[in-house]
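Engineer: Before I ask anything, let me first share the structure, which is written out below as structure tokens.
FYI, it's all coordinate maths here, none of it is from the lab. Quantities reported herein were computed from a predicted structural model and do not represent experimental measurements.
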Amino acid sequence: MTCIDIKTGSEGPRHDPYGYEEITVTRPNGDVVTLHEGLTVWLKLNNSAQYMFTSSTYEDAVKKFEFFAGCSPAIARRAYERMQYRCKCGSRDLRSVAGFPGESLNVCNACNTVVSSDFNESAII
């Protein structure tokens, strides 16, 4: 089974931060492909600096990502978002519950399983 993870954050100087997004796909054979979109666009294979590709254009990085990951970043993002809001029991009926400060949990109404969680760091700073 393929695992997809999306990470967002900021990079650059503190006085002028710039947002980034990383899409990481873990293939069934164990290969890990990460596409970083921020100040620069780069692709990393198996978390190794030896297999890190810096691309001059976004389209070139997407082509390499599709080759190694087996899907486009847009398809990986859609699959990730679709699974964030569906329980393993098949239900899409979720409720949002507060967890620790800054944390919100999406809980299935059918089986009371935590489906996903979100963390808002600015709520605690």
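Engineer: Fully extended, how many nm does the chain gain between LEU45 and PHE100 (0.36 nm per residue separation, minus their Cα-Cα distance)?
Structural biologist: 16.4 nm
Engineer: So, one more: Please determine, in degrees from 0 to 90 and to the nearest 10, the orientation of helix 73-84 with respect to the longest principal axis defined by the Cα atoms of the chain, where the helix direction is its Cα long axis.
Structural biologist: 20
Engineer: Follow-up. Under 1.5 on a/c is rounded, so check that first for the chain, then, if it is not, pick prolate when a/b is larger than b/c and oblate when it is not; a ≥ b ≥ c are the square roots of the alpha carbon gyration tensor eigenvalues.
Structural biologist: On the way: a/c = 2.68, a/b = 1.39, b/c = 1.93.
It is oblate, given that a/c is not under 1.5 and a/b is not larger than b/c.
Engineer: Can you compute the helix-only [θ] at 222 nm over the chain? Use -39500 (n - 2.57) per DSSP H run of at least 4 residues, normalise by all residues, nearest 500 deg cm²/dmol. Show your work: numbers first, answer last.
Structural biologist: Details: 2 runs with 24 residues, N = 125.
Calculated at 222 nm, the ellipticity per residue is -6000 deg cm²/dmol.
Engineer: Mind checking the angle between helix 58-69 and the chain's longest principal axis? C-alpha axes, 0 to 90 degrees, to the nearest 10.
Structural biologist: The angle comes out at about 70 degrees.
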